[in-house]
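Structure first, commentary second.
The values are calculated or read from the model by the stated rules, or taken from the named source; none is laboratory data. Owing to the predicted nature of the structure, the values given are computational and were not obtained by experimental measurement. Because the Cβ atoms are built from the backbone with ideal geometry, glycine has one as well, and the counts that use them run over all protein chains shown. When the accessible area is computed, the model is the full protein with side chains, heavy atoms only, and any ligands, DNA or RNA have been set aside. Shrake-Rupley method; radii C 1.70, N 1.55, O 1.52, S 1.80 Å.
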Amino acid sequence: MLKKTIPILLLFIFFSCEKSNSFIESNFENEFNDSIRKLNGKHVKVEIAPDWKADVYYLNSKPRMFFYQTMPENGFTSKRVYINADNDNIEKIIYRTCLPDFTKNDDNYELIDSIFEIYPRNGLIIRYFNNQRIDSVSDTKRINKILKEVKYIKDGFELHNSR
């Protein structure tokens, strides 16, 4: 019974969150897929854990684009990462979070769907909510925190590919 319930619950969580930013997410997904086609690199699927999966695209044995998603108990997070092939710098990150609003004091957490378009070189974050651009902010502290995680993941993918 439990094995049948979990997939249904995950679908419910995904679709309840999907509607909030579905149009913006679709645009970013199409852009990412177009970039993958232009890259024409080697594709590798990586599963770190049952709730942590990635698609990595390599060019000359180096990760140039990757998408990874984590599935915590409630909701999900995902990142699409673009890496410059010339200088190995991270050019852009599309960070989507669909997580419960823990500020409410009840057990019926509403999932909050947000998308952040991050440009590390410019120190710029563009925020989207409810299929609309909300604002853009300069937040180097937050960008550096996200970059630290993404670089760690990128280094792991490089190591994974060298085996």
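Among the conditions (1) modelled with pLDDT of 85 or more; (2) in contact with a strand residue (DSSP E or B) (Cβ under 7 Å, 6 or more places away or on another chain); (3) among the small types (Gly, Ala, Ser); (4) over 26 Å from residue 121 (Cα atoms), the only one that residue 16 does not satisfy is (1). I'd like the residue in the stretch 37-61 that is in contact with a Lys or Arg (Cβ under 9 Å, 6 or more places away or on another chain) and in contact (Cβ under 8 Å) with a residue 24 or more places away in the chain and, out of all such residues, is surrounded by the fewest Cβ atoms within 10 Å (Cβ to Cβ). Filtering first and then ranking leaves 61.
Only residues that are open to solvent by less than 50 Å² (accessible area, probe 1.4 Å) and among the basic types (Lys, Arg) were counted across the stretch 62-75, and they come to 1.
One residue stands out among those in the stretch 118-135 that are under 16 Å from residue 89 (Cα atoms) and in a strand (DSSP E or B): the one that is least open to solvent (accessible area, probe 1.4 Å), which is 118.
Among the residues of the stretch 136-158, is there at least one that is surrounded by 15 or more Cβ atoms within 10 Å (Cβ to Cβ), within 19 Å of residue 25 (Cβ to Cβ) and over 16 Å from the mean Cα position of the chain (by Cα)? No, the stretch 136-158 has no match at all.
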